[in-house]
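No lab work stands behind these numbers, since they all come straight from the coordinates. It should be emphasised that the depicted structure is a prediction, and the values quoted were computed from it without experimental measurement. A quick note on method: Cβ atoms are made from the backbone with ideal geometry, for glycine too, and the neighbour counts reach across all protein chains shown.
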Amino acid sequence: MPLATTGAKRWRQLPDVPTFAELELPELSATIWFGLLVPKGTPTEARERLLDAAEKTHSDEAVKKRLAGMGFDVPATTGAQFMESIRAGQKRWAKLVQATGFKAD
């Protein structure tokens, strides 16, 4: 039986299982994300086409239903907001790794 889920809110597929935050262990909260990243300097037109294609795909009811069936939530986080969430995650995990004293060899 699962003890907790890592998301900010209870997972719809395990509604009776609390989150780590509910158990007063918010430092164990985490989410998995997938994103589309392009190299710096990619032309604006190419970035916009990629973003438009992703938004169109994620708004398709069949795609949303299939992703939901696999337990995924598809937030509408794009551009600067998405990059900020990546940076915040890097800072958070770096701090946690440093606190453990872990060193990669």
* **Net +/- balance of residues flanking residue 5 in space, Cβ distance below 13 Å, scoring K and R +1, D and E -1** => 0
* How much FRET efficiency would the formula 1/(1 + (r/R0)^6) give for residue 63 and residue 96, where r is the Cβ-Cβ distance and R0 is 25 Å, rounded to 0.05? -> 0.15
* **Simple spin-label estimate for residue 85 and residue 51 in nanometres, 7 Å along Cα-Cβ** => 1.5 nm
* Structure fact -> Which residues qualify? For residue 5, with a placed amide H closer than 5 Å and at least 5 residues away or on another chain, they are 19, 20
* **the chain - charge dipole about Cα centre, Lys and Arg +1 at Cβ, Asp and Glu -1, debye rounded to 20** => 180 debye
* For mean projected area of the Cα convex hull in nm², several values are listed as (1) 5.9; (2) 7.5; (3) 9.6; flag the one computed from this structure. => (3)
* Asked: Does anything in segment 72-90 have its amide N under 19 Å from the 7 Å Cα→Cβ label point of residue 17, and if so which residues?
  -> 72-74
* Hey, fewest Cβ within 10 Å first, where do 31, 77, 5, 44 land in order? -> 44, 31, 77, 5
